[in-house]
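Student: Have a look at the structure that comes next, please.
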Amino acid sequence: MNKLNLTPLSRKLLLHTVVYLVLFLVIPYFQSGGSGVMEDLGSWLLLLVLVNPTAVLILAADSGLKLGFNLLVCLLPLPLFVLSIYVLFDGSGALFYGILYSVIALISNSIAASVRRRKKGETK
């Protein structure tokens, strides 16, 4: 039924890209009313500090558990977040958060991949 002949990694990356685009572009766009200015600082901080890092953590860990360590999964949040900063907010200097999201993904994916390796070693 897989008409596109996507590998498991390709499917994961596609899913991650869609989720990150929704989190980094679509939600802020609607919250700012398309103006690039978010009047509600609380919702902006909620996205930056709680929702986005949690989503990155969960997605990277899931990928690490199912596919093992992959650097591409870890680096994916950075360019997508930077894209959203330049598209929506005219490069407002929030690059730090993109780097932070990639570090969170790296740690989460690494830990999950080591758990996966350990579990595979136990089953053999």
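Student: Using beta carbons and a limit of 6 Å, which pairs, at least six apart or on different chains, have the first residue in the stretch 102-121 and in a helix (DSSP H, G or I) and crowded, with 21+ Cβ neighbours inside 10 Å and the second one at pLDDT 95 or above and hydroxyl-bearing (Ser, Thr, Tyr)?
Tutor: none
Student: If you don't mind, another one. Can you name every one of the helices (runs of 4 or more DSSP H) wholly within the stretch 1-81 that holds 1 or more residues which are open to solvent by less than 80 Å² (accessible area, probe 1.4 Å) and farther than 29 Å from ARG116 by Cα? Give the steps one after another, and end with the answer.
Tutor: Values: elements: 8-21, 27-32, 41-45, 52-67, 71-75.
By residue number, 27-32, 41-45.
Student: In this structure, is VAL82 of a type in the set (A, V, I, L, M) and out of contact with any Leu (no Cβ under 7 Å at 6 or more places or on another chain)? It would help to see each step written out before you state the result.
Tutor: On the way: of a type in the set (A, V, I, L, M): yes; out of contact with any Leu (no Cβ under 7 Å at 6 or more places or on another chain): no.
Against the criterion (of a type in the set (A, V, I, L, M) and out of contact with any Leu (no Cβ under 7 Å at 6 or more places or on another chain)), VAL82 does not qualify.
The values are calculated or read from the model by the stated rules, or taken from the named source; none is laboratory data. Worth saying up front: this structure is predicted, and the values here are computed from it rather than measured. Counting neighbours? That spans all protein chains shown, and the Cβs are built from the backbone with ideal geometry, glycine included. Areas reflect the complete protein model, heavy atoms only, side chains present, ligands, DNA and RNA absent. Shrake-Rupley method; radii C 1.70, N 1.55, O 1.52, S 1.80 Å.
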